[in-house]
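A quick write-up on the structure given underneath.
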Amino acid sequence: MTQNAAPDRAARKSFPWKRLAILGAIVALAGLVFATGWHRLLSFDTLVARRADLDSFVKANFAGAVAAFIALYVVAVALSLPGATVLTIAGGLLFGWLAGGIAAAVGATLGASAVFLIARFLLRDLVQRRLGPRLKAISDGFREDAFSYLLFLRLVPAFPFFLVNIAPAFAGNGLGAFVAATAIGILPATFAFALFGDGLDSVIAGQRITYDACVAAGQTGCRIGFDPRAVLTPRLIAALCGLGVVALIPVAMKRWRRTRTH
């Protein structure tokens, strides 16, 4: 009885209860946001409807508004809420393309780093145990040129932002390379959206009367006819993909030199 109880106590002690509790709290918080519909506030319609109030707040306290914007961006990315694109456009609209772009880049980098650290602390051991040698083979190659690979994944818009946040954590990449590649890799698209937001007043003015009339009539489904994805033009996507290919040149050169020496 005593001999059997000792392994049971050791197993209970080694089980990551604290990690599961933290992960459960994060999932519960994200679930609460979705259940209450708060995530819908991160929309273009909300931005248009609250534009006057937001402008007043920014004019009264620019630094505080920027700090609040960054904090909101961090939470949105950390909880994987939809609306990061709208937030970036909003940054350009409210603060100008330069300040708004910088604030969005800081918020996105901090939020992505939070997801990376959460995944590494809470889930990496479990994923490594499940995948074993298969993950090790991928991780070894990824870690060798982590910065270049991460920069490529950040630049090319085909890869989901959330997956690029957690995959390096499972591969055992360091935080430094992750933060640097994220901060640099998101800049082109971030400033493209912020620059668009800086010139958005004409779009809002053209559709605000129709939108206000719809709301005043008590109708449902009142929307501003704008799709943020329209900013990602084929030319911009091609440019980002081109930058992604450039980011892989050091990796290709290293492999080429290695084959030449053997």
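For this structure, a couple of remarks:
- Verdict on Ala171 being surrounded by 17 or more Cβ atoms within 10 Å (Cβ to Cβ) and at pLDDT below 85: yes
- Subset of region 103-119 [free of Cβ contacts under 8 Å to residues at least 40 places away in the same chain and open to solvent by less than 10 Å² (accessible area, probe 1.4 Å)]: Ala103, Gly107, Gly111
- Those residues of region 48-57 which are at pLDDT 80 or above and crowded, with 16+ Cβ neighbours inside 10 Å, in sequence order: Arg51, Leu54
- Within region 174-188, being part of a helix (DSSP H, G or I), open to solvent by 20 Å² or more (accessible area, probe 1.4 Å) and without any contact (Cβ under 8 Å) to a residue 60 or more places away in the chain holds for Gly176, Ala177, Ala180, Ile184, Pro188.
The values are calculated or read from the model by the stated rules, or taken from the named source; none is laboratory data. Here the structure is a predicted model, which means the values were calculated and not measured. Positions of Cβ are backbone-derived with ideal geometry, glycine not excepted, and every protein chain shown enters the neighbour counts. Ligands, DNA and RNA are stripped out before the accessible areas are found, and what is left, the full protein with its side chains, is counted by its heavy atoms. Shrake-Rupley method; radii C 1.70, N 1.55, O 1.52, S 1.80 Å.
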